[in-house]
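What follows is a short report on a single structure.
The values are calculated or read from the model by the stated rules, or taken from the named source; none is laboratory data. The shown structure was predicted, so the numbers you read here are calculated from the model rather than taken from an experiment. Cβ coordinates were reconstructed from backbone atoms using ideal geometry, including for glycine residues, and neighbour counts include every protein chain displayed. Only protein heavy atoms, including side chains, enter the accessible area calculation; ligands, DNA and RNA are left aside. Shrake-Rupley method; radii C 1.70, N 1.55, O 1.52, S 1.80 Å.
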Amino acid sequence: MHTLNKSGNFTTTKRLIKKLMTSSVSTATEYIKHHMVHLEYNLRTGELGNGGFWTLHLDTIFFSIVLGIIFVCFFAYIAQSATVRTPSNIQCSIEAIYEFVNQQIVDCLNVEDTSIGALSLTIFVWVFHMNFMDLIPVDLFPVIASHMGIPYLRAVPTADLNMTFALSGAVFLLIYAYAIKFNGFFGWIKEVFCEPFGIWFFPVNIIKHLIADFARPVSLSLRLFGNIYAGEIVFILIALTPATMQWLFAGAWLGFHLFVITIQAFIFMMLTIVYISLTKHEH
């Protein structure tokens, strides 16, 4: 795989791995930097790796879409082949996940809502799949991509801040959508202008709502990104250790990180449900 360093010279992944056998600090730094670079495409210049504002992370987009398609197709297949008499183990597992998610919605909203249920289930499973990519060996996909002429590749979508912000941004918009659905448009406007200090302090009320509404998606995105990004860094550092010790370190961190990626998917889903439930007022 061809990589571009600061001096503009190209090296290959094989050379990087060979140099790493000598435990060179400079080479280890080069190895880490290489794994931290996205496959970028600049929309303005039409070139790869330019960076800047109008830049797409093609690897993040590709893996997130592929994992989403796998999730949808798999769940659709299970739904079509579901049976009451002799349910398979996979069907029972999917039903258990569905009932678990649905129970969280009932506890928060005191009512079943199919749209929120579908949203929550999608968030939990999709985010978990994207997090799970962090458990795949860090060199597997970059080496495969190198044989296809792709210079850089990062396979963990949720280790990209752009992806986590996109997810939380969608949640941000859905909070307003459900606020209008539950309370009506004028009921929502009245809440923004009048709560909590009354109509005469509507500027303060609006600022308060804006701060709270923006803080929620920002905290959602940074929490998910920080945990997955940290896990990715640890796996890359483990890859730099001697081969005889990698299995020990990787096995220990794998067991812990499996819990982390699951709990982060659950937290993202749970906070989404809570934020939506806060927009519903019985009065």
*Leading residue by the ranking (nearest to residue 269 (Cα to Cα)) among those in region 108-154 that are open to solvent by less than 50 Å² (accessible area, probe 1.4 Å), polar (S, T, N, Q) and more than 18 Å from the chain's Cα centre (by Cα)*: 115
*So, in region 35-86, of the ones that are within 25 Å of residue 127 (Cα to Cα) and among the hydroxyl-bearing types (Ser, Thr, Tyr), which residue ends up farthest from the chain's Cα centre (by Cα)?*
81
*Six or more apart or on different chains, Cβ under 7 Å: which pairs go from a residue in region 78-90 that's on the phi < 0 side of the Ramachandran plot to one that's open to solvent by less than 80 Å² (accessible area, probe 1.4 Å) and aliphatic (A, V, I, L, M)? Could you list them?*
78/94; 90/78
*Taking only pairs six or more apart or across chains, which ones have beta-carbon atoms under 6 Å, a first residue in region 97-116 that is at negative phi and assigned to a helix (DSSP H, G or I), and a second residue that is hydroxyl-bearing (Ser, Thr, Tyr) and surrounded by 11 or more Cβ atoms within 10 Å (Cβ to Cβ)?*
101/120; 108/277; 109/277
_So, in region 187-236, how many residues would count as being part of a helix (DSSP H, G or I), open to solvent by 60 Å² or more (accessible area, probe 1.4 Å) and without any contact (Cβ under 8 Å) to a residue 40 or more places away in the chain?_
12
*Is it true that some residue in region 223-230 is over 28 Å from residue 269 (Cβ atoms) and at pLDDT 85 or above?*
no
*Unmet requirement for residue 171, which otherwise passes all of (1) out of contact with any helix residue (DSSP H, G or I) (no Cβ under 6 Å at 6 or more places or on another chain); (2) open to solvent by less than 60 Å² (accessible area, probe 1.4 Å); (3) closer than 30 Å to residue 132 by Cβ; (4) modelled with pLDDT of 85 or more*: (1)
_Residues (open to solvent by 70 Å² or more (accessible area, probe 1.4 Å), free of Cβ contacts under 8 Å to residues at least 60 places away in the same chain and assigned to a helix (DSSP H, G or I)) located in region 253-283_ = 256, 259
*Would you please list the contacts, defined by Cβ atoms under 6 Å and residues six or more apart or on different chains, that run from a residue in region 145-165 that is in contact (Cβ under 8 Å) with a residue 24 or more places away in the chain to a residue that is assigned to a loop (DSSP other than H, G, I, E, B) and open to solvent by 20 Å² or more (accessible area, probe 1.4 Å)?*
145/153; 146/1; 152/37; 152/39; 153/39
*Complete set of residues in region 74-107 that are surrounded by 10 or more Cβ atoms within 10 Å (Cβ to Cβ) and among the β-branched types (Val, Ile, Thr)*: 78, 90, 94, 97, 101, 105, 106
*Test set (1) within 30 Å of residue 37 (Cα to Cα); (2) more than 19 Å from the chain's Cα centre (by Cα) - residue 184 fails condition number*: (1)
